[in-house]
Amino acid sequence: QVQLEESGGGLVQAGGSLRLSCAASGRTFSNYAMGWFRRAPGKEREFVAGISRSGFSTEHADSVKGRFTISRDNAKNTVSLQMNSLKPEDTAVYYCAAGRFGGGSSGSSYDYWGQGTQVTVSS
């Protein structure tokens, strides 16, 4: 089992920045690819960003490319999402996920999920 706990969400004005963090515990963190997903009210969950076990490979959704950056620290068992130039359409609950044998943009590739943290961007 892997336990994931997100933090760092909040209310920010459009154009502002937030940094989300996800702390992992329970298993060897570096064995898991990690991802961030989000779900906006009335919408389906969507992929935001993913990072490989080593951290050398990353992937970002087109909607956040150039504004968001995923990173990880295997020594601290954390994965982060730096979000800059936030837009009202980024408002959502953001979820951290861990995948033992997968990763990437498909939610089905992830085995464990956090409870989520709310990000609200005001216009």
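The table below gives the values:
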{"quantity": "Boolean, Gly15 is farther than 19 Å from Ser71 by Cβ, out of contact with any strand residue (DSSP E or B) (no Cβ under 6 Å at 6 or more places or on another chain), open to solvent by 20 Å² or more (accessible area, probe 1.4 Å) and of a type outside the set (A, V, I, L, M, F, W, C)", "calculated": "yes"}
{"quantity": "Flag if Ser123 is modelled with pLDDT under 95, surrounded by fewer than 17 Cβ atoms within 10 Å (Cβ to Cβ) and either out of contact with any Pro (no Cβ under 7 Å at 6 or more places or on another chain) or within 18 Å of Gln1 (Cβ to Cβ) (or both)", "calculated": "no"}
{"quantity": "Among residues of region 63-110, those that are surrounded by fewer than 18 Cβ atoms within 10 Å (Cβ to Cβ) and at pLDDT below 95, counted", "calculated": "9"}
{"quantity": "Strands (runs of 3 or more DSSP E) enclosed by region 4-123 - at least 1 residues per element that are among the polar types (S, T, N, Q) and more than 15 Å from the chain's Cα centre (by Cα)", "calculated": "10-13, 18-25, 117-122"}
{"quantity": "Single residue of region 31-60 satisfying the filter (of a type in the set (Ser, Thr, Tyr) and surrounded by 15 or more Cβ atoms within 10 Å (Cβ to Cβ)) that is farthest from Tyr112 (Cα to Cα)", "calculated": "Ser52"}
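The values are calculated or read from the model by the stated rules, or taken from the named source; none is laboratory data. Please read these numbers as outputs of a predicted model, since none were measured by experiment. Don't worry about glycine lacking a Cβ; one is built from the backbone with ideal geometry, like all the others, and counts go over all protein chains shown. Note: areas computed on protein heavy atoms with side chains; ligands, DNA, RNA excluded. Shrake-Rupley method; radii C 1.70, N 1.55, O 1.52, S 1.80 Å.
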